[in-house]
1. Do we have GLU307 as away from the ligand (no atom under 16 Å from the Cβ), out of contact with any strand residue (DSSP E or B) (no Cβ under 9 Å at 6 or more places or on another chain) and not assigned by TED's automatic domain parsing to the domain that holds LEU116 here?
2. Filter the stretch 264-289 down to residues that are among the charged types (D, E, K, R) and within 15 Å of the ligand (Cβ to nearest atom), then give me how many there are.
3. Of GLU240, GLU270, GLU265, GLU323, which residue is closer than 26 Å to ALA22 by Cβ and of a type outside the set (A, V, I, L, M)?
4. Going through the stretch 160-191 one residue at a time, which ones are outside any strand (DSSP E or B), near the ligand (Cβ under 9 Å from one of its atoms) and buried (at least 16 other Cβ atoms within 10 Å of the Cβ)?
5. May I ask you to say which residue of SER234, SER273, SER250, SER283 is under 20 Å from the mean Cα position of the chain (by Cα) and not charged (D, E, K, R)?
6. Is it true that GLY44 is surrounded by fewer than 16 Cβ atoms within 10 Å (Cβ to Cβ), farther than 22 Å from GLN297 by Cβ, touching a strand residue (DSSP E or B) at 6+ places or on another chain (Cβ under 9 Å) and modelled with pLDDT of 95 or more?
7. Being small (Gly, Ala, Ser) and within 17 Å of PHE51 (Cα to Cα) is the filter here; which residues of the stretch 65-98 pass it?
8. Restrict the check to the stretch 209-218 and report whether at least one residue is modelled with pLDDT under 95, within 10 Å of the ligand (Cβ to nearest atom) and surrounded by fewer than 19 Cβ atoms within 10 Å (Cβ to Cβ).
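The values are calculated or read from the model by the stated rules, or taken from the named source; none is laboratory data. Predicted model only: the values in this text are computed from it and were never measured. Using ideal geometry, Cβ is built from the backbone for each residue, glycine included, and neighbour counts are taken over all protein chains shown.
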Amino acid sequence: MIQTVVYDTRPYDRKHLEHAAAGRIRWRFHDHRLNAETALTAEGAQVVCVFVNDHADRVCLEKLARAGIRMVALRCAGFNNVDVPAAKDLGIALTRVPAYSPHAVAEHAVALLLTLNRKIHRAFNRVREFNFSLNGLEGAEVYRKTIGIVGTGRIGKVAATIFRGFEARVLAYDPQPATDWAAAHGVQYTDLPELLRSSDVISLHLPLLPETRHLLNKDNIPTLKPGAIIINTSRGKLIETQALIDGLKSGRLGGVALDVYEEEEGIFYEDLSGQVVLDDVLSRLLTFPNVLITSHQGFLTHEALAEIARVTVENILRFERGEEFLPETTL
Ligand code: NAI
């Protein structure tokens, strides 16, 4: 039976991978991450399974190859943490899960907006202390508001459709507009400055690229509609965080909800509740009553995790049988 070492394992990874494999893969689960220092812990296996914070650089891959590893299965879509040419040189097969559930992330963006907009995060804490006062909890409706969707790929399209269900007006910006889809769903494409000026809510659904870094910044945040709410479930570095803080302090921004943060690496996914947090920017953000932060959990649904596990397991079993990988999963 093929043996696979899983790095950076969380209880939910283990549950879904074991379920999908149904006894057909011998697993070894490690809590720690894969990098050049830890690569030797793969000894004896044929496959390693990694996530976004594992670092499979050339040195690491060379060690894996010497330890007998022939395949790296990424249980995520992004692959910036793996040296793809080095894996090719070493004859190590690479797979990933390019798309699992756009609904998971789109619904999380909507959940963040509704929580923030209706002040549910504050109401939850109040009621637990038997404070049933409504003062300060006045919210606003999504109905008939203008929602600006930046990036209308898989996730942005689902988010736009959900917002149309609220009878909101949906504006969109994408350098590659899906015009037929927009016409069918009553979504209106516009340019980015116009979207930023006119939207009550701006939700980001585009990838992080050199040209999209700090898409929202100190120059354009002051041009947003007064009271605008920003939702980011895509990548932290799309927003210049200091400019967000300035926008919140000046009152220009009505609220900010983030599932991702510029400097999240080493913070998100960890329990730091017993430690002194050294990131002053994140600490400042968390002091605002109109800021809501989740720890990069947009993908964390039963359905998405089951799909990630299904594709990963299927590719490992195909590798064992010498068959081709599932379409579009090979790197
Ligand atoms: P996708 O590749 O299907 O769509 C991305 C869209 O962004 C494309 O239509 C593209 O043309 C557009 N785009 C590219 N440059 C742009 C620009 N400068 N301005 C506006 N639009 C631009 O990607 P998908 O699957 O919809 O994912 C979107 C984002 O969601 C990704 O960046 C990914 O990082 C993030 N994500 C977050 C997760 C979470 O757990 N929070 C989980 C999965 C993805």
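1. Against the criterion (away from the ligand (no atom under 16 Å from the Cβ), out of contact with any strand residue (DSSP E or B) (no Cβ under 9 Å at 6 or more places or on another chain) and not assigned by TED's automatic domain parsing to the domain that holds LEU116), GLU307 does not qualify.
2. Number of matching residues: 2.
3. Every option except GLU323 fails the conditions.
4. ASP174, ALA178
5. That would be SER234, the only listed residue that is under 20 Å from the mean Cα position of the chain (by Cα) and not charged (D, E, K, R).
6. yes
7. Residues satisfying the conditions are ALA73, ALA77, GLY78, ALA87, ALA93.
8. Yes, the stretch 209-218 has at least one match.
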